[in-house]
Every structure is written in C-alpha cells, then in structure tokens.
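Below you'll find the structure, written out as structure tokens, and then a few comments.
The values are calculated or read from the model by the stated rules, or taken from the named source; none is laboratory data. Nothing here was measured: the structure is a model prediction, and the numbers come from that model. Reconstructed Cβ throughout: ideal geometry from the backbone, glycine too, with neighbour counts over all protein chains shown. We work out accessible area using only protein heavy atoms, side chains counted, and drop any ligands, DNA or RNA first. Shrake-Rupley method; radii C 1.70, N 1.55, O 1.52, S 1.80 Å.
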Amino acid sequence: MEITIEQVKEFAWQQLDAMWHDNSGTATVNMVKFTYKGYCVVNPWMDEKTEKAVDPYQYYGKQRTEQFIKEAIKTIQHNREIVREHRR
C-alpha cells in the first residue's frame with residue numbers, strides 16, 4: 001500500500017505530540033528527525049521552535065525535507081509490518 005504525503009504529515013504530528021508530552025526527555029531518540037539551528041525537528045511542517053506552520057521545502061530546504069519524508073515512509077512501512085505480524 002502506498003503511503004501518501006498526508007499520512008507522512010500525520011506521522012510527523014504524532015511525533016511532535018509525543019515529544020511535547022514526554023517528561024523523560026528521551027522521546028526523540030527513535031524518531032525521524034533532523035537538527036536545524038540547534039533544534040531537533042520532528043515535524044518539518046512546523047518551524048524549529050514549533051511556533052508556526054511552514055512550507056518545509058522553503059523553510060528547511062529540499063534535501064532535508066525529502067530525506068525526512070523518505071525516512072518517515074520507511075518507518076511507517078516498518079510499523080505497519082510489525083502490526084501485521086502481531087495480528088497473525
């Protein structure tokens with residue numbers, strides 16, 4: 001099944017939500033992310049301080065954005081495989 005850009009955006013929002021609600025400070029360890037201006041970015045549709053929505057291609061650049069999307073798709077696919085295995 002193909003993963004859409006909307007599913008990648010939802011994945012990014014879920015990561016951001018998990019990061020916001022983590023009290024241990026370790027939430028981002030296994031997340032798809034990159035560093036920008038010293039900040040850990042887990043949702044490129046938001047600025048590095050998570051204060052405003054941005055166009056990730058214009059704000060972070062094509063290379064960072066496409067790498068994030070590629071890694072997010074890979075992670076989503078892996079997570080779906082795990083779910084399928086557990087249902088058997």
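Summary of values
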{"read-out": "Residue in the stretch 50-61 that is modelled with pLDDT of 95 or more, of a type in the set (Asp, Glu), surrounded by 10 or more Cβ atoms within 10 Å (Cβ to Cβ) and part of a helix (DSSP H, G or I) present", "value": "no"}
{"read-out": "Filter result for residue 26 (at pLDDT 95 or above, over 12 Å from the mean Cα position of the chain (by Cα), exposed (fewer than 14 other Cβ atoms within 10 Å of the Cβ) and not acidic (Asp, Glu))", "value": "no"}
{"read-out": "Looking only at the stretch 62-82, and only at residues there that are farther than 19 Å from residue 13 by Cβ and modelled with pLDDT under 95, the one that is most open to solvent (accessible area, probe 1.4 Å)", "value": "81"}
{"read-out": "Filter pass, residue 50 being touching a residue at least 12 places away in the same chain (Cβ under 8 Å), at positive phi and of a type outside the set (Asp, Glu)", "value": "yes"}
{"read-out": "The stretch 36-45, subset over 13 Å from residue 68 (Cα atoms) and of a type outside the set (Ser, Thr, Tyr), residue least open to solvent (accessible area, probe 1.4 Å)", "value": "38"}
{"read-out": "Residues being more than 20 Å from residue 27 (Cα to Cα), within 11 Å of the chain's Cα centre (by Cα) and among the hydrophobic types (A, V, I, L, M, F, W, C) - total across the stretch 42-76", "value": "0"}
{"read-out": "First in the stretch 58-80 and farther than 12 Å from residue 43 by Cα, second anywhere and modelled with pLDDT of 95 or more and exposed (fewer than 15 other Cβ atoms within 10 Å of the Cβ), Cβ under 9 Å, 6 or more apart", "value": "66/57; 73/7; 76/7"}
